[in-house]
Amino acid sequence: MRRHLHVDWRAGLSLVGTLLALLSLAFVVPILVALIYGEADLWVFISSMAVTAGFGLLLRQLDSEPNPGAREAFLVVALTWLFAAIFGALPYILAGNGAIAHPINALFESMSGFTTTGATVMDDISFDTHSRSIMMWRQLTQWLGGMGIIVLAVAILSQMAVGGAQLMEAETPGPGVSKLTPHIAETARVLWIAYLALTVIYMALLYGLHLLGYAPNMDLYNAIAHGFTTLPTGGFSPEARSMEAFSPIVQWLVIPFMFAAGVNFVLWWHVISGDARTLLRDNEFRLYLGATSVLTIITTVVLFVSALETPETGQIGGNLERSARYAAFQIASLINSTGYANMDFDAWSGPAKGLLLFAMFIGGSAGSTGGGIKILRWLVILKSLRREMFTSIHPEAVRPVRMNGHVLDEDAIRGIYAFTLLYFVIFFVGVGLFAADAARVGLDLELLDVISASIATLGNIGPGLGEVTGPMGGYGEFPVTSKLLMIGLMWIGRLELFPVLVLLTKAYWTD
Amino acid sequence: MRVVIVGAGEVGRAIAHNLEEAHDVVVIDRDSTLVEDLTYSLDVLALQGDGTERETLEEAGVDRADLVIACTDHDEANVVVCGTAKTISDAFTIARVRQRTLLETWEGSQGAFGVDFMVCTDLLTARAITRITDLPATQDVDTFVGGLVRMAEFEIDAESPVAGSTVHEADQYDSLTFAGVFRGEEMIVATGDTVLQPGDRVVVIGSASAVTEFARDIVPATADNGNEIVIVGASEIGFQAAREFEEHGYQPRLIEQDSDRARTVAEKLPNTMVLESDATDVEFLAREHIDEADLVISALDGDEKNLLVSLLARRLGVGRTVAVIENLEYAELFETVGVDVAINPREETAEEIVRFTRADHTEKVAMLEHDRAEVIEFEVHNESVLAGTPIVEAVTDLPDGVVIGAISRRGKLITPRGGTVVQPGDHIVVFVDAAVLEDVIEAI
């Protein structure tokens, strides 16, 4: 007996088509850049835009009045991100320059962009090989992916008002969508406005430093390019040396903005509306601030007592300003998965690298653009573990777990345990597969490379800690099979595991 | 005064009984048996009907009533009675409720539902429990001016830090006044030079927090200040009591057998340790060291269970036991067999409501040491010797044996000192030697 599919895949695909058509408008930005600089890559973006819009409008024909439900939400979200990465890779292939001209590499770079991972397979990051418009597109993908394509679509498209909350929940990091206003579209708009406002302020400050003469390299192009990748915790930079290419004062300015990108944007909205107390009272924000501060202080001490010295930066050990700057920068960058580097931290001592690895497993806040396991989950896990200890001493005690004074549902706590366990399972499976794949092709990797390849892609962090995956290295050396796996990990990681993984279950399609 | 009481339950009956002699009382109830019973047992007019209906209220003559008391067992009905009564008369309305949330709504928007005064039975009982148990070494406690001012009597222990010091030395509190000292048979009106001797009972008047602080300070640090509180039963009273203790800075333990109820109250009480167990499980009691508790309050449904728990707690060696008793007739019996304090919710409610029927609504009296002294609250009138003059000058016109303990001006507490000028309309709380009471009342 044949069983019917219980997923309205036509409605789902039709909506994906609408979203792709919307996304194709983003190509306007690199088109403008190409026009300003008079670059030959203009046609690359015009044709990419035409193909994306055409495919999107074609998919739309599948269902003239799509009405996707809760189940279709997973399909829509997972496929939108996959297609975004695929069509976002077109310019790299069409431009045909450097390592990213290879389709798999192009897809890797595009997925890394949209998921705000920031891992790169580029062999040569310079305007000699790539045009400014290609580089700007690479930066822009991160900005689009940061707050989320779906959130953007809900904010703009009126037809997404119904079911928008379900779609946003499937996409937005962290458990549950907090509606700020009765209309979901308005909530999405509020989030994007907060995101846009912070981005613009940040760009203006960067360029302001340049105009005042404190940041020679931070011209308007760079200010916009870095604005596109800091707030989404992306980490791409058009500079080969990442943030190392800029003056210390720029690096100091980037630190608070990287930190801010890891905070729940709902809280920023409250701050923008003049209510800073909500931010300061928030349990998750306090833990995030506390974890960042403690890790920064310890790392500063570790760097200060080390004999670290590099040709580019000079003596770091014994120099308090440098120790503090490098520590604060790298902790802020890795704790919430931004992935910028202001020096090659692969050269750091073992203990210092250990601290960075620890930071990678923390993640940003729920509702932020940061990836990883997320502070909120750690907070709930810590609180419920403390409860376990307490109830083992007092077996009869009834102790609800509270967050910001509100009682958490036991199902939500169980869900958080399940997520975290699954996250670690996928991480370890990734480590095993990368190791096996490297052995298959005879690639000699350090242990740190294998571990970071898994956590840096799954957690959407970007740079790892080894020689290959490190901030000044690149993922280009990995075999194609590993790259495909990494693309999968980035995809799964950005959508917080479940929307992608449920598509692989039989129950999803047939029940 | 014409009083209409809706609801002839125990509270309604108690109020009716209290008022029958001096006032015209009409009682309304839906239960015809109760109505008939009332007709013959009390000197009141008992009517059968639904108090939420306009017709019934008109029949009871609500338009001519001065006071309407709604005290059925249903919160919503009581609120509706008051709201309806307000539309047909100018009577002062009192509603009795059980839900604290309803009280909070009303407090947040005075006059809501057409209710002029709201009494929350369970909260009242919970507050009575906390009041009695909150202060260590207390002999007597009472509150004035709607809880703003507290009066307490303490016994000074030989080990107490204030033993041997003068009142002037001991007085380090902003909003606290030393009113009087009882030494054996003697009653001394406190002055700055009065020496506090071991065995003295000192009466202080002031803000609730100052009195609590003083209580903590005078008890020797070695003694456990009665901080270990165990409440048995998460009934509404048990729950409210836990909440009251939390608000006073305690971290009580609450034992509840039903797991759903335990979870519900645990969610609402962040600073209470809720334990899901049978309070008569001796093994459990030993494991949780309930025997070391300073106070066990039993607030289970059922007087017998409360008696059992209290007796068990006493046998384990608990310092003090308090039991909630529904049946007033048991109270004396319970206290005889070993329960330290028996509290009856209905009695508390009826007393609170009856206070409103007195001629002067605000007046309150507390008697100390078998009426050797009294603490009185009253409103200052224009003709009073106190009005418009500094206290130093005013007291020369008063007999000896009077201490002005606290002044409340438009809801704010003012600590009286020599230079303070009392204004008409102020509420003052005075400590008065019973011997000069009449002279004082006349002068004031």
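The values are calculated or read from the model by the stated rules, or taken from the named source; none is laboratory data. Since we're looking at a predicted model, the values are computed, not measured. Cβ sites come from the backbone with ideal geometry, for glycine too, and all protein chains shown count toward neighbours. These area figures cover heavy atoms from the full protein model, side chains too; ligands, DNA and RNA do not enter into them. Shrake-Rupley method; radii C 1.70, N 1.55, O 1.52, S 1.80 Å.
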For peptide A:390-401, the mean count of other chain Cβ atoms within 10 Å per residue Cβ is 6
Take A:A507 and B:V337, extend 7 Å from each Cα along the Cα→Cβ direction, and tell me the distance between the two endpoints in nm. 5.6
Please list, ordered by chain and number, the residues whose modelled amide H lies under 5 Å from the amide H of B:I231; skip anything fewer than 5 residues away on the same chain. B:R253, B:L254, B:I255, B:I297
Would you kindly find the accessible area of B:K86, with a 1.4 Å probe and non-protein molecules such as ligands, DNA and RNA excluded, rounding to the nearest 10 Å²? 70
How much net charge surrounds A:N283 when only the other residues with a Cβ under 12 Å from the Cβ of A:N283 are counted, with Lys and Arg +1 and Asp and Glu -1? +2
Sorted list, accessible surface of protein heavy atoms, 1.4 Å probe, largest first, for A:W252, A:W491, A:W269 is A:W252, A:W269, A:W491
Of A:K353/A:K374; A:K374/A:K483; A:K383/B:K268; A:K383/A:K506; B:K268/B:K305, which sit over 27 Å apart, Cα to Cα? A:K383/A:K506
Based on the alpha carbon coordinates of the range A:242-359, what radius of gyration and maximum Cα-Cα distance (Dmax) apply, in Å? 15.1, 47
If you average 1/r across every pair of different Cα atoms in chain B and take the reciprocal, what Kirkwood value do you get, in Å? 23.8
Per-residue accessible area for B:E58 at 1.4 Å probe radius, Å² rounded to 10? 90
What's the local net charge at A:H226, with K and R +1, D and E -1, over the other residues with C-beta under 12 Å away? -2
Give me the extension gain from B:H168 to B:I441: residue separation times 0.36 nm, minus the current Cα-Cα distance, reported in nm with one decimal. 95.5 nm
How compact is the range A:408-508 by the rule of thumb for globular proteins, expressed as Cα Rg over 2.2 N^0.38 Å? 1.17
Which whole-Hz ³J(HN,Hα) couplings does the range A:73-86 yield from phi under the Karplus relation 6.51 cos²θ - 1.76 cosθ + 1.60, θ = phi - 60°, glycine and proline marked x? 4, 4, 5, 4, 5, 4, 6, 4, 5, 5, 5, 4, 5, 5
Could I have the simple spin-label model distance between A:I298 and B:D193, label points 7 Å from Cα toward Cβ, reported in nm to one decimal? 6.6
Amide H within-cut-off set for B:I343, under 5 Å, with H built and near neighbours excluded: B:A323, B:V324, B:I325
Whole-number value, in Å³ per residue, for the convex hull of the alpha carbons of chain A is 171
HN-Hα couplings for the range B:265-280 via Karplus (6.51, -1.76, 1.60; θ = phi - 60°), in whole Hz with x for Gly/Pro, come out as 6, 4, 5, 8, 10, x, 10, 10, 8, 8, 10, 9, 6, 7, 5, 9
Residue by residue through the range B:82-87, which ³J(HN,Hα) values in whole Hz follow from phi under the Karplus form 6.51 cos²θ - 1.76 cosθ + 1.60 (θ = phi - 60°), with glycine and proline marked x? 5, x, 5, 4, 4, 6
Rel. contact order, % - alpha carbon contacts under 8 angstrom, at least six apart, the range A:380-485: 18
Report, in whole Å, the centroid distance computed from the Cα atoms of the range B:229-295 and the range B:161-194. 38
In square nanometres, what is one fourth of the surface area of the convex hull spanned by the alpha carbons of the range A:343-408? 6.7
Rg/Rh of the range B:25-102 (Cα atoms, Kirkwood Rh), to two decimals, equals 0.96
Ranking B:D291, A:D41 from most to least accessible area with a 1.4 Å probe gives B:D291, A:D41
Students sometimes get this wrong: rank B:S310, B:S32 by accessible area, probe 1.4 Å, all chains present, largest first. B:S32, B:S310
Sites B:D260 and A:Q61, calculated FRET efficiency, Cβ-Cβ separation with R0 45 Å, nearest 0.05: 0.25
Cα-based Rg/(2.2 N^0.38 Å) for the protein assembly as shown, rounded to two decimals, is 1.26
Buried solvent-accessible surface, both chains (B, A), 1.4 Å probe, Å² to nearest 100: 1100
How large is Rg/Rh for the range A:61-172, to two decimals, with Cα atoms and a Kirkwood Rh? 1.06
Count, for each residue of B:271-280, the Cβ atoms from other chains sitting within 10 Å of its Cβ, then give me the mean as a whole number. 3
Ordering of A:109-116, A:337-344 by burial proxy (mean other Cβ atoms within 10 Å per residue, highest first): A:109-116, A:337-344
The Kirkwood hydrodynamic radius of the range A:261-327, taken as the inverse of the mean 1/r over all distinct Cα pairs, in Å, comes to 13.9
Would you mind checking which residues have amide H under 5 Å from B:A373's amide H? H placed 1.01 Å from N; only 5 or more apart, or other chain. B:L368, B:A434
